[in-house]
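Submitted below is the structure of interest, expressed as structure tokens.
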Amino acid sequence: MKYEFHAIEKKWQKKWDEEKTFKAVTGDSKPKFYGLIEFPYPSGEGLHVGHPRPYTAMDIIARKRRMQGYNVLFPIGFDAFGLPTENYAIKHHMQPSVVTQRNIAHFTEQLKTLGYSFDWDRCVDTTDPEYYKWTQWIFLKMFEKGLAYKTYMPVNWCTSCKCVLANEEVVDGVCERCGSPVIRKEKSQWMLGITKYAQRLLDDLDGLNFIERVKIQQRNWIGRSTGAEVVFSTTAGDSITVFTTRPDTLFGATYMVISPEHELVNKWLDKLENAEEVTAYKEEAAKKSDFERTELSKEKTGVELRGVRAVNPVTGGELPIFISDYVLASYGTGCIMAVPGHDTRDWEFAKKFSLPVIEVVSGGDVSKEAFTDCETGTMVNSGFLNGLSVEQAKKKIIEWLSDKGLGKEKVNYKLRDWVFARQRYWGEPIPIVKCPVCGFVPLPESELPLLLPEVKSYEPTDNGESPLAHIRDWVECTCPKCGGKAERETDTMPQWAGSSWYFLRYMDPHNKNELASKEALDYWGMVDWYNGGMEHTTLHLLYSRFWHKFLYDIGVVPNPEPYAKRTSHGMILGEDGQKMSKSRGNVINPTDIVNQYGADTMRLYIMFIGDFEKAAPWSSDAVKGCKRFLDRIWNLGERVSGGGKGYSRNNEASIHRTIKKVSEDIDAMKFNTAIAAMMSLVNEFYDKGADRDDFCALLRLLSPFAPHIAEELWQLQGQKGMCCTQPWPEYDESKMVEAEKTIAVQVNGKLKTTVTVATDAADDAITAAACADDKIKKILGESELIKTIVVKNKLINLIVKPKNA
RNA sequence: GUCGGCGUGGCGGAACAGGCAGACGCAGGGGACUUAAAAUCCCCCGGUGGCAACACCGUGCGGGUUCGAUUCCCGCCGCCGGCACCA
């Protein structure tokens, strides 16, 4: 009988579907396991070969957990709002909702051919009004608590998408999605106050089982730094507050810099001798795009504010004040004290503008470069701080400043509040009404969902307005508070809104009254294991942690963190080792592989391709190896079921070792070595033979990886029930022990030969066996044995020296 | 600049609480079966020398610790990724 993978796969997929084999049951008494993968964006291109890697991995884990007796929630859904769909719809004169439904249908079909054990009854779609009702509801709760607010500020504006971007969406000065230049634009924007959660987002990382690089990246992004705020008085009367991480160097401050956008600059303008020059610089800086500000040479520019001077609070000395775009308006106070002796940027600026450099920490040569070491130096030229270490000086100066009311300890974060509005059509409408009398008024909960109106034209505009703004009969409404004429907010939410809480909806996807019932939220609790891409570390992963903490604070969810464990997979590269892209022509379509070799081969190969965490190039040849492996298992099945002539049960130790290896490797996501172990076992079955029990043990191990062939062979072997619902095989350490061990024999650390001794043989016995070896005898005849080192069951090392040395 | 990660055969990759480097697979070579090919099954497969037994070399480079180092330590080189005028 031939291995007819197409028919077999279809047969079992249908059966799993009909019998709802993978249904998750809220409230079940079995221990629960919630395994999550990042739900796909249903693009028009269909499934990409990048999708099956994480999906297959979590499917294997979920299938194993079910066999181990867990009540498993392994859901799927679609993150369907977003620009590519909208752009496609514009181009083809279609409704985005129609395009979305078509794409979801296509994705569903493709995903089903891969045999994933999703509970399809829990499928969610972020563009479904029954879903986004709750996205809007969460927004309203945030508005209520003051976390959602509208403010006028410079924002990142993508010139191609024609909408604003969050900080996290700007990569190297360009739009992370389309690669177009990002410019700064002053706009009134809805914001979410993620910075209020900065410290908690940081602290709570410690208790989570996230892979370290995710934690590190989130910590970097949050960017906490401790230092002090110091108040400088000025000759203009106003004081300047600066943030510094080096308050110890206060005696070394020789000038001040404030960012060009700072309000004091405008305030002082008529006092300045060079107001024109200052204004010109301000305008120049405002014109620079983010790209220019970061990518241009680090050559410092700036203009002194002539006519105003600052006063150093410890020395009483007057300091010149500059504006320069190397000081960012959006970090700290937008002002710094410049200590050129001990800060590289200040040093460069001071050299360019011939400003004095004072050494206040000894140990370097400040005439040559800034000395920035905090560990070794001693304070000098610093009055009452002289002789102290940097650490001691920091403490002392902060005390001194606090006493005088001139400063205090201060923590700052790089994290910025989240720009939460897009001037595009295909997103969740923001459920807020602008009333000329009452200001921003939230829609009452009873009016949710606020539906996205069906319109003919939804092209983005150049004037920074959302396409929704043109739909007057939708925009014009009455104020829910005063009943007067009002207008709706016309911006929509960013792509990241729907995905910030989707894992909660899976717990209770059809609930009409709540985002999910308390019972479901309590039962499923935290996501036990979440695997996803590194590219979402400072986007979706951080955002959803923030939303979850908010929901926890208002009593909706029972845990302060959403995900107990986070792992991440490497990218699948093209056959040429390059990132897959249409323009390179190196894209592999998973459906083609399924058609050619079957889903089981596809699943197996994508897991065998290499270390799960690392990027791996696709290899068309290597796929065949996995197909060959399945063929060998198939053929073995026929030999076993054909009577098993000449096969005997002499594989016990190997089987138990393989069970242990596969079990442990799945939990450690070392799928490649788990498969290698099964391959070795099959090789051994070919070598030594196997009986039905041996073979069925293998099928159960194989089942999570290649579920269809495992089911079929299970049935052909006359076994009862489905293979995927059998208990996971157990191993017995005592049965893994072999009678004999091969011991490496080294002389002076170099391998000479091997000997076979009984397992756990005593050191003496090993030594005797080694010395009895002909080759070793010869060596010992010519040398003097000084010492022997025995590592039980592994190795013996004989230390010798020449006889007459 | 800074913080992570990684450098192992022709290729993808194994092995690291220090203990037989190259598991498993791909590609390659040989054989069996076949009229033949494919498929399948069996064997070989890091390098150099040798008919062979065997010897020497070999985990990016240079040192060190150790009976023994791919694994630990110090110093370089090279790739990949995060952050970056964040005071």
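The values are calculated or read from the model by the stated rules, or taken from the named source; none is laboratory data. Remember, predicted model here, so these are calculated numbers, not experimental data. Here the Cβ is made from the backbone with ideal geometry for all residues, glycine too, and neighbour counts use every protein chain on show. Note: areas computed on protein heavy atoms with side chains; ligands, DNA, RNA excluded. Shrake-Rupley method; radii C 1.70, N 1.55, O 1.52, S 1.80 Å.
Report the full-extension gain for the segment A:GLU176 to A:LEU795: residue separation times 0.36 nm, less the Cα-Cα distance, to one decimal in nm.
This chain segment gains 217.3 nm when fully extended.
Test of understanding: extend the Cα→C-beta vector of A:GLU652 to 7 Å, then name every residue of segment A:670-701 with backbone N under 15 Å from that spot.
A:691, A:693-694
Could you sort the peptides A:62-72, A:686-696 by per-residue average Cβ neighbour count (10 Å cutoff), highest mean leading? Show your work: numbers first, answer last.
On the way: A:62-72: 21.5, A:686-696: 18.1.
The packing order, highest mean first, is A:62-72, A:686-696.
As I understand it, the dipole of chain A uses +1 on the Cβ of Lys and Arg and -1 on the Cβ of Asp and Glu, about the Cα centre. Which of A:LEU83, A:ALA148, A:PHE22 lies farthest toward its positive end?
Positive-most Cα among the choices belongs to A:PHE22.
Given all pairs of different Cα atoms, what value in angstroms does the Kirkwood hydrodynamic radius of chain A take?
Every distinct Cα pair counted, the radius reaches 31.6 Å.
Okay, next question. Could you sort A:258-266, A:131-139 so that the peptide with the highest average Cβ count within 10 Å comes first and the rest follow in order?
On the way: A:258-266: 19.4, A:131-139: 22.3.
The packing order, highest mean first, is A:131-139, A:258-266.
Follow-up. Only Cα pairs under 8 Å and at least 6 apart count here; give the relative contact order of chain A as a rounded whole percent.
Relative contact order, chain A: 14 percent.
Something else now. Considering only protein heavy atoms and a 1.4 Å probe, what is the carbon-and-sulfur percentage of the accessible area of chain A? If you can, show how the numbers build up before the last one.
Numbers: 17130 of 34740 Å².
Its accessible area is 49 percent carbon and sulfur atoms.
Which percentage, to the nearest 5, of the DSSP beta bridges contained in chain A is antiparallel?
Working: 72 of 96 bridges.
Here the antiparallel bridges make up roughly 75 percent for chain A.
Find the Cα radius of gyration of segment A:567-628, compare it with 2.2 N^0.38 Å by division, and give the number to two decimals.
1.08
Kindly sort A:LEU551, A:LEU716 by accessible area of their heavy atoms, largest first, with the probe set to 1.4 Å.
Most to least solvent-accessible, the answer reads A:LEU716, A:LEU551.
What residue among A:CYS724, A:VAL357, A:TYR425 has its Cα farthest toward the positive end of the dipole of chain A, where the charges are +1 on Lys, Arg and -1 on Asp, Glu, each on the Cβ?
Of the candidates, A:CYS724 comes out farthest on the positive side.
Sticking with this one: Treating only the Cα positions of segment A:574-691 as identical point scatterers, give the base-10 log of I(q)/I(0) from the Debye formula at each q in 0.10, 0.13, 0.19 Å⁻¹.
Taken in order of the listed q values, log10 I(q)/I(0) reads -0.39, -0.61, -1.07.
Work out how much length A:GLN101 to A:THR673 would gain on full extension: take 0.36 nm times their residue separation and subtract the Cα-Cα distance, in nm to one decimal.
In short, 202.0 nm is gained.
How large is the convex hull of the Cα atoms of segment A:723-805 per residue, expressed in Å³ as a whole number?
Working: hull volume 9.1 nm³, N = 83.
Convex hull of Cα atoms, per residue: 109 Å³.
Once phi is turned into ³J(HN,Hα) by the Karplus curve 6.51 cos²θ - 1.76 cosθ + 1.60 with θ = phi - 60°, what whole-Hz value does each residue of segment A:695-705 show in order, with x for glycine and proline?
Result, ordered by residue: 5, 5, 5, 4, 4, 5, 5, 6, 3, x, 7 Hz.
Using the Cα centre as the reference, give the magnitude of the dipole from point charges on the C-beta atoms of segment A:63-172 (Lys, Arg: +1; Asp, Glu: -1; all else neutral), rounded to the nearest 20 debye.
320 debye
Let me ask you something else. Report the Cα centroid-to-centroid distance between segment A:465-505 and segment A:77-110 in angstrom, as an integer.
Answer, in whole Å: 21.
Further question on the same structure: A:LYS64: which lysines have alpha carbons under 20 Å from its alpha carbon, excluding same-chain residues fewer than 8 sequence positions away?
A:LYS15, A:LYS20, A:LYS23, A:LYS30, A:LYS32, A:LYS112, A:LYS565, A:LYS660, A:LYS661, A:LYS670, A:LYS720
So what is the accessible area of segment A:87-182 per residue, in Å², with the probe set to 1.4 Å?
Ligands and nucleic acids excluded, the figure is 39 Å² per residue.
Still on this structure: Looking at the square roots a ≥ b ≥ c of the eigenvalues of the Cα gyration tensor of segment A:82-166, which shape do they give, rounded for a/c under 1.5, prolate if a/b is larger than b/c, or oblate? Don't skip to the answer; put the middle values down first.
Values: a/c = 2.58, a/b = 1.41, b/c = 1.83.
Since a/c reaches 1.5 but b/c is at least a/b, the shape of segment A:82-166 is classed as oblate.
Over all distinct Cα pairs, what is the inverse of the mean 1/r for segment A:178-225, reported as the Kirkwood hydrodynamic radius in Å?
Numbers: mean 1/r = 0.0748 Å⁻¹.
Hydrodynamic radius (Kirkwood, Cα only) of segment A:178-225 equals 13.4 Å.
OK, next. Could you state how much accessible area A:LYS750 has, in square angstrom rounded to the nearest 10, with a 1.4 Å probe and all protein chains kept in place?
A:LYS750 has an accessible surface of roughly 140 Å² with all protein chains in place.
So, one more: Viscosity 1.002 mPa s, temperature 20 °C: Stokes-Einstein D of segment A:376-473 from its Kirkwood Cα radius, in µm² per second?
Working: Rh = 19.4 Å.
Value of D from the Cα-based Kirkwood radius: 110 µm²/s.
Distance between the C-alpha centers of segment A:27-58 and segment A:298-341? Whole Å please.
Here the answer is 52 Å between Cα centres.
I would also like to ask the following. Using a Debye calculation, one point per C-alpha and no hydration shell, please list log10 I(q)/I(0) for segment A:521-599 at q = 0.13, 0.16, 0.20, 0.25 Å⁻¹ in order.
-0.63, -0.76, -0.91, -1.15
Accessible area per residue of segment A:465-619 at 1.4 Å probe, in Å²?
Roughly 37 Å² per residue, with all protein chains present.
Go through A:TYR70, A:PRO54, A:GLY44 and say which Cα lies farthest out towards the positive end of the charge dipole of segment A:22-99; charges sit on Cβ, +1 for Lys and Arg, -1 for Asp and Glu.
So the residue we want is A:TYR70.
Something else about it: Among A:211-220, A:596-605, how do they line up from the highest to the lowest mean number of other beta-carbon atoms within 10 Å?
Listed from highest to lowest mean packing, they are A:596-605, A:211-220.
Separate question: Heavy-atom accessible area of A:LYS512 with all protein chains present, probe 1.4 Å, nearest 10 Å²?
Probe radius 1.4 Å; accessible area of A:LYS512 about 130 Å².
If you stretched the chain out fully between A:THR788 and A:GLU318, how much longer would it get, using 0.36 nm times the residue separation minus the C-alpha to C-alpha distance?
161.5 nm is the gain from fully extending A:THR788 to A:GLU318.
Quick one: order A:TRP221, A:TRP501, A:TRP120 from most to least accessible surface, probe 1.4 Å.
Putting A:TRP221, A:TRP501, A:TRP120 in descending order of accessible area: A:TRP221, A:TRP120, A:TRP501.
At 7 Å along the Cα-to-beta-carbon direction for both A:ILE211 and A:THR759, put a label point, then send me their distance in nm to one decimal.
About 3.5 nm, to one decimal.
Which GluC sites (Glu not before Pro) from segment A:412-468 combine a DSSP loop assignment with at most 13 other Cβ atoms within 10 Å?
When the GluC sites (Glu not before Pro) of segment A:412-468 are filtered for loop state and at most 13 Cβ neighbours within 10 Å, A:GLU454 remain.
Follow-up. So how do A:VAL311, A:VAL557 rank on accessible area, 1.4 Å probe, biggest first, that is with the largest at the start?
A:VAL311, A:VAL557
Place a +1 charge on the Cβ of each Lys and Arg in chain A and a -1 charge on the Cβ of each Asp and Glu, then give the dipole magnitude about the Cα centre in debye, rounded to the nearest 20. It would help to have the intermediate numbers written out before the result.
On the way: 103 positive and 110 negative charges, 296 e Å.
It works out to roughly 1420 debye.
Another question, then. 7 Å from Cα along Cα→Cβ at both A:LYS624 and A:ASN386: what's the point-to-point distance in nm?
With each label placed 7 Å out from Cα toward Cβ, I get 8.2 nm.
Please list, in chain and number order, the residues 5+ apart from A:LYS187 or on another chain whose amide H is under 5 Å from its amide H, with Hs placed from the backbone.
Answer set, sorted by chain and number: A:MET153, A:VAL155.
Follow-up. Accessible area per residue of segment A:314-355 at 1.4 Å probe, in Å²?
Per residue, segment A:314-355 has an accessible area of 38 Å².
Only four residue types carry charge here, +1 at the Cβ of Lys and Arg and -1 at the Cβ of Asp and Glu. Report the dipole size of segment A:742-805 about the Cα centre in Debye, rounded to the nearest 20.
The dipole magnitude comes to about 280 debye.
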